[in-house]
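Report on one structure; see the data block that follows.
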Amino acid sequence: MHPRAEVRAASRGPGTVRSRARAVAALGVALLAGGACGYRAGPDAEGAEHVLIASHQLAAGTTFDEGLHEFADLVAEKSDGRVRVEVYPSAQLGSETDLFENMRRGLVDVAVVSPGFIAEFVPEMSILSMPFLVTTREQRDAIIDSEVAERLERLMRDRTGNEVLTYFGGGVRQMFFNAPVDDPSDLTDRLFRTQPSQVLADSFGALGMHASNVAYGELYSALQQDVVSGADNEAVFIVAENFQEAAPYLYLTGHEVTIRPAVISGHTLDRLPEDLRQVVLEAGEEAGEFARELEAETDDAALEELRSDPDVTAVEADTEVLAAMVEPVWERYAARWGLEDMLAEIRATGEG
């Protein structure tokens with residue numbers, strides 16, 4: 001773990017990620033009712049002139065949480081305490097869809113939101129999470145530093161007012177199931193949990209599965225009760241949520257190196273004075289680098305943990321076969337959005 005993340009973890013004291021998540025999950029309604037969300041101008045009790053609210057849907061102590069706490073620390077340092085960032089994990093302030101919409105309304109300032117959820121507002125963002133399209137971290141790095149990212153950021157800003165602050169992610173998504181999977185034919189007719197994105201539904205549908213939009217917070221019990229038979233996630237989050245207990249059959253597809261925008265409300269940027277706006281933007285960039293490095297490190301370690309778990313069955317997938325099945329979906333949507341050139345550019349980044 002990154003040294004600064006270790007310090008923060010030690011300061012929180014004992015307790016597992018899962019137990020901390022359960023302990024805070026019930027706070028959401030009270031926080032919202034108590035006015036915990038939305039930009040606040042100070043000074044507050046700690047002397048900050050501006051208070052920003054940041055949130056994400058994952059458990060306390062996960063890489064998203066550490067990344068936002070790093071952002072908070074950097075903002076406090078760079079602003080000499082004039083700006084304070086409060087971080088709310090575990091979907092305390094709502095789902096990723098709720099967070100994105102509430103940033104549009106100026107009720108939340110910063111949130112980590114997956115492309116599949118942003119796609120409800122900007123469908124083209126789904127191109128960043130098409131299965132088997134972005135499969136190495138080098139390819140991911142090339143994309144987020146390219147015109148591809150700039151074009152998608154402009155689309156999001158123009159349509160929603162929200163802006164990309166930086167990018168988190170970097171874990172590698174794998175599939176996991178509550179019944180054995182040995183080859184692509186075993187995927188047929190499985191009910192598979194996806195984010196609420198038609199692109200993802202069609203992509204996994206091309207593999208023979210049926211998409212279900214079970215809420216993330218309900219996924220563990222849904223796997224236990226066979227409401228869904230499988231899902232996908234990065235190894236670090238599979239371990240954090242103990243999904244391998246309910247679905248111990250790991251299908252190693254490596255079908256997505258994640259690109260997870262950390263989004264900031266345009267209302268927030270407009271309210272901040274210019275000097276503090278630049279502080280927040282600079283802190284965001286640095287926090288993104290920290291979060292991507294941390295997630296790569298912890299995800300690799302979590303995958304090894306899963307591979308060595310005697311209760312987990314890990315099967316290497318034939319990714320060439322699976323990618324060929326999904327490729328027509330990439331092309332169909334790229335044509336629908338007029339992004340054939342963007343798809344070609346993304347594919348080219350993976351050929352170097």
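The values are calculated or read from the model by the stated rules, or taken from the named source; none is laboratory data. Because the structure is predicted, anything quoted here is derived from the model rather than measured. Heads up, the Cβs are rebuilt from the backbone with ideal geometry, glycines too, and the neighbour counts pull from every protein chain shown. For accessibility, only protein heavy atoms count, side chains too; no ligands or nucleic acids. Shrake-Rupley method; radii C 1.70, N 1.55, O 1.52, S 1.80 Å.
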I need the calculated FRET efficiency for the pair A215 and E282, taking r as the beta carbon distance and R₀ as 51 Å, to the nearest 0.05. 0.90
Would you kindly state how much longer the chain becomes between T136 and R105 on full extension, computed as 0.36 nm times their sequence separation minus their alpha carbon distance, in nm to one decimal? 7.6 nm
Quick one: in the range 101-151, what % of C-alpha pairs are over 13 Å apart? 66
Averaged per residue, what accessible surface does the range 175-214 expose to a 1.4 Å probe, in Å²? 36
Order of 159-169, 309-319, 243-253 by packing, highest average Cβ count within 10 Å first? 159-169, 243-253, 309-319
By how many degrees, 0 to 90 and rounded to 10, does the Cα axis of helix 340-349 deviate from the longest principal axis of the chain? 90
Would you please state the base-10 log of I(q)/I(0) at q = 0.14, 0.18, 0.19, 0.23 1/Å for the range 79-175, with intensities from the Debye formula using one equal scatterer on every alpha carbon? -0.60, -0.95, -1.04, -1.33
Okay, helix-only estimate at 222 nm for the chain: each DSSP H run of n ≥ 4 adds -39500 (n - 2.57), divide by all residues, round to 500 deg cm²/dmol; what do you get? -14500 deg cm²/dmol
Can you give the direction-averaged projected area of the convex hull of the alpha-carbon atoms in the range 235-352, in nm²? 11.0
Antiparallel content of DSSP bridges confined to the chain, in %, to 5: 55
At a 1.4 Å probe radius, carbon and sulfur cover how many percent of the accessible area of the chain? 49
In what sequence, highest mean first, do 89-101, 209-221 appear when ranked by Cβ atoms within 10 angstrom? 89-101, 209-221
Coarse-grained scattering of the chain at q = 0.13 Å⁻¹, given as base-10 log I(q)/I(0) from a Debye sum over alpha-carbon atoms: -1.01
Considering all projection directions equally, how large on average is the shadow of the alpha-carbon convex hull of the range 123-268, in square nanometres? 8.9
Output needed: percent of Cα pairs per 5 Å distance bin for the range 248-296, bins running from 0 to the one holding the longest distance. 4, 15, 19, 16, 14, 11, 8, 5, 4, 3, 1
